Structures are given as C-alpha cells and as structure tokens.
1. Looking at (1) in a loop (DSSP other than H, G, I, E, B); (2) at pLDDT 95 or above, which is the one condition that is false for residue 94?
2. If the Cβ limit is 7 Å and pairs must be 6+ apart or interchain, which residue in region 353-370 that is closer than 13 Å to residue 342 by Cβ and without any contact (Cβ under 8 Å) to a residue 12 or more places away in the chain pairs with which residue that is among the β-branched types (Val, Ile, Thr) and part of a strand (DSSP E or B)?
3. So which residues in region 97-123 are under 31 Å from the mean Cα position of the chain (by Cα) and in a loop (DSSP other than H, G, I, E, B)?
4. May I ask you to say which residue of 246, 288, 242, 268 is free of Cβ contacts under 8 Å to residues at least 12 places away in the same chain and either over 22 Å from residue 434 (Cα atoms) or in contact with a Gly (Cβ under 7 Å, 6 or more places away or on another chain) (or both)?
5. Which condition breaks for residue 151 when tested against (1) under 30 Å from residue 391 (Cα atoms); (2) more than 18 Å from the chain's Cα centre (by Cα)?
6. I'm trying to understand the selection: among the residues of region 288-303, which are surrounded by fewer than 15 Cβ atoms within 10 Å (Cβ to Cβ) and either of a type outside the set (Lys, Arg) or outside the structural domain of residue 261 (by TED's automatic domain parsing) (or both)?
7. Among the listed residues 236, 257, 245, 268, identify the single one that is over 20 Å from residue 320 (Cβ atoms), touching a strand residue (DSSP E or B) at 6+ places or on another chain (Cβ under 8 Å) and not hydroxyl-bearing (Ser, Thr, Tyr).
8. Which numbered condition in (1) crowded, with 19+ Cβ neighbours inside 10 Å; (2) of a type outside the set (Asp, Glu); (3) farther than 17 Å from residue 362 by Cβ is the only one that residue 318 fails?
Amino acid sequence: MRRLLSFMMVVFSCAFISNARGELHVDIVAGGVDPTSIAVQKFETIGKVSSSDAKMLREVVENDLKRTGLFRIVNHNALPEFVKMNDMPNFKSWKAIKTQALVQASLQPDGKDNYKLEFYLWDVNGEEQIEAQSLIASKKSVRRLAHIMADAIYERLTGEIGYFDTQIVFIAETGPVDKRVKRMAIMDQDGYGMRYLSDKKTFVMSPHFSPNMSSVVFLSYRNDDPMVWVLDLETGDQTKLGNFGGMSFAPRFSPDGNRVALSLVKNGITNIYEYDIANQSLKQLTFGKHIDTSPSYSPDGRYMAFNSDSSGSQQIHVLDLNTGKQKRITFGAGRYATPAWSPDGNYIAFTKMADNTFYIGIMNSEGRHEKILAGGWYMEAPSWAPGSRRVVYYETEQAADGEERISHIRSVDITGQNIYDIELDDKINGVEPTWSPKLP
C-alpha cells in the first residue's frame with residue numbers, strides 16, 4: 001500500500017559550499033520579507049523521456065517553493081537564456097532581471113523502469129554553484145523526485161529542514177451532515193495522490209503517524225467499541241492496540257515509536273496512560289477526577305503536553321515523564337486544547353477558544369510568547385511539518401441556513417502569514433490532519 005516504497009535511492013549528493021561573505025541566504029524568521037526570486041529552467045531531457053514528466057517535475061518544484069511564501073518564481077517568458085547542464089550561466093543577464101537563484105535540471109532514463117534526475121543550484125549574485133545532486137527513482141514515483149529536489153533547494157537557501165517530501169494523514173468526510181461517512185485517508189503534502197486507508201463502514205478519528213512512517217495509530221468505533229487501533233502502512237493490516245477495559249482515544253506515538261500515549265476512560269474518569277508496545281503493558285501517567293486528554297510528547301521524549309480541566313477550565317499542562325510532576329502553562333483568556341509539540345522542541349501549537357472564536361496558535365514550551373496564527377468559526381487539530389516551519393490544521397466554515405458546512409485542511413507559516421488550502425475533491429471535507437516526518 002505504501003507508494004513511497006517504489007522510490008529507490010539517492011545515488012549522489014554534493015554541495016559546493018562557499019565561504020563568501022555575500023552568499024545567498026533566505027531570511028525565514030522575519031515576517032513580511034520580500035521573497036527570493038528563483039528561476040527554474042525547463043528540464044533538459046536525454047534519451048527516451050516523457051516530455052509530460054519533465055514538465056510536471058518542473059511545475060511541482062516551482063509550486064513547492066512558491067507555496068512557502070519565501071520564493072518568487074521568475075516568469076518563464078522572462079528567462080534571458082537557456083543554460084545547458086555543465087555550461088556556465090551568463091550571470092550579467094540573470095542579474096538584469098533581478099534573479100537571485102537559478103536552477104538547472106536534466107532528466108534521463110536509468111535502465112528500463114527508472115529515471116535519473118540531476119540538478120544544479122546557482123547563486124546568481126555570488127556567481128557560483130552552491131548545490132548539485134543526482135537522484136534515481138522508479139518512473140512510478142517520479143513525482144517524489146521533484147519534492148526531494150525542492151527540499152534540497154529549500155534547505156540550501158534557508159538552512160532549515162524541508163517538508164515537501166512528506167505526506168498528510170487525515171479524516172475524509174463525505175455525505176450530508178446528519179449521515180457523514182468518516183474514512184481515514186492519506187495524501188502528499190500538496191494534496192496529490194489521495195487514497196483511502198479505511199472503509200466506509202467504520203467510524204474513525206485522530207490518526208497519527210509512527211516516527212518511522214511504518215504505521216498509523218487511530219481511534220476506531222468498530223462494533224460501537226471506541227478503541228485505539230494501529231494500521232500497518234505496508235500491509236494494510238489493522239490491529240487493536242490492546243484491551244484496556246474502557247474507552248480509549250486520542251492516541252499519539254512516542255518519539256522512539258516504542259510507546260503510545262492515549263486517554264482512557266475508567267469509571268467515568270479520563271486520564272492519560274502510556275502503552276509499551278513490546279511489553280504490551282499499560283502505565284497510568286495522570287491521576288484525578290478531571291478530564292486529561294490530547295497527549296503530545298516533546299521530541300526528546302522527556303515531557304508530555306496535554307489538556308486538562310483540573311483547574312476548572314480546559315488548559316494545557318506539561319508532565320515531566322521522569323518525575324511525574326506536572327504544571328499548567330496556559331493562563332490566557334479562554335480555553336486551550338490539542339497541544340502539539342514542534343519537532344525542534346521550541347514551540348507548542350494549540351487550539352484556543354475565546355470570544356466565540358476558535359484560534360490556532362503557538363507558544364514556547366513554558367507557555368509564554370503566545371502567537372495567534374489563524375482564527376475562525378471553528379478550527380482545530382494543529383500538526384507540525386518537519387523543520388517546525390509550518391502548521392497544518394482544519395477549519396470548518398460557518399454555514400448559512402440550509403447549506404452544508406465545509407471543512408478545509410489549511411497550512412500556515414509560524415509568522416502567521418501565507419495561509420493556503422490543501423486542495424481536495426469538492427465532495428470531500430478534510431478534518432484532523434497530521435503531517436508526517438520526511439519520507440524514508
């Protein structure tokens with residue numbers, strides 16, 4: 001079932017790194033900066049290569065970079081020359097149209113079933129080549145080549161981890177509001193290649209990837225029994241995580257993939273537990289007569305953020321997994337929920353409810369420096385891209401009388417700028433998205 005298995009290897013990678021003081025670097029911290037202008041040439045084709053594949057690869061690379069908000073793609077009609085691979089650009093002509101970075105690429109067969117992609121990245125003002133890579137993939141996975149290429153360009157120019165060669169798992173809702181069908185689905189981060197992972201018969205929620213992308217943990221209402229299940233992405237097999245003697249929900253893998261945190265209802269009380277997969281043992285982490293849920297591990301596995309109503313309203317707390325001590329970290333107006341720790345450990349994303357409005361925001365791990373990224377009638381379930389640069393979430397629009405409510409999966413930069421929809425079929429409402437790690 002896993003499309004990513006057909007990608008073969010990266011066969012060659014080298015970077016021509018300059019110590020020049022004026023080397024091109026994209027400012028990714030400040031909001032409102034002018035995007036870096038980058039020209040992506042038409043891909044050279046060598047041998048028997050599909051021209052549509054070459055055109056598609058160029059478009060995917062350009063779209064990946066453009067959606068970040070950090071790059072402006074130079075219009076194809078404005079390109080002053082076509083520079084063949086292994087030829088030097090005429091930097092003067094590229095500077096004349098204010099191009100800051102130039103990309104060359106070639107595509108050729110590698111055996112019967114594979115493609116070889118080579119590309120160069122030039123710093124136009126510095127007049128030097130700063131990246132060169134050669135990649136091989138199955139022709140069936142050729143689109144991944146473009147995402148990996150875009151990641152390499154992004155990483156070289158920004159210094160951050162790329163997130164284009166990733167996927168998103170989510171719940172795809174179809175049908176009228178009173179008879180919604182909820183199916184688990186997966187797609188590339190740009191919405192391409194969506195496919196279902198569960199059938200129409202079973203109500204599912206809250207999917208989350210394992211760190212190595214081998215499986216997805218989720219809540220299933222199979223036989224009206226709400227329990228946590230695990231889906232093997234290789235085989236498609238689904239297995240109940242355990243028999244816990246109560247309703248279990250809100251599952252999340254630990255950073256090492258060896259444990260799953262979840263909420264478990266026993267005797268009407270909801271606490272957070274941790275399930276050791278190898279030992280098949282369950283450990284209680286929080287105690288009390290309140291509702292503790294939505295656990296999220298810190299990337300080093302030492303702490304867990306979760307939301308609790310132990311203070312009288314729904315707030316975010318952090319648990320030290322070594323000592324068992326916990327502390328409340330949110331004290332702003334309103335209620336806080338669904339914390340999600342960023343991969344770099346610097347932020348916690350959250351949902352906030354105040355003044356009849358829902359918000360998606362971020363704060364540091366101490367609950368300080370809160371920043372609202374988006375607000376609307378209803379939005380929830382923030383999840384981080386690799387590199388901790390973007391957050392994906394879903395937003396449901398308020399509907400007029402007699403109209404269906406529409407839910408969109410959206411992505412926002414941590415500056416609060418450059419919000420865009422991840423396009424789905426018009427008949428599909430996307431909710432509860434979770435961003436994957438970079439694909440293996």
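1. (1)
2. From residues that are closer than 13 Å to residue 342 by Cβ and without any contact (Cβ under 8 Å) to a residue 12 or more places away in the chain, there are no pairs.
3. 99, 100, 113
4. On inspection, the qualifying residue turns out to be 268.
5. (2)
6. 288, 300, 301
7. 245
8. (3)
The values are calculated or read from the model by the stated rules, or taken from the named source; none is laboratory data. Just so it is clear, the model here is predicted, and its values are computed rather than measured. Glycine gets a Cβ as well: all are built from the backbone with ideal geometry, and neighbour counts include every protein chain shown.
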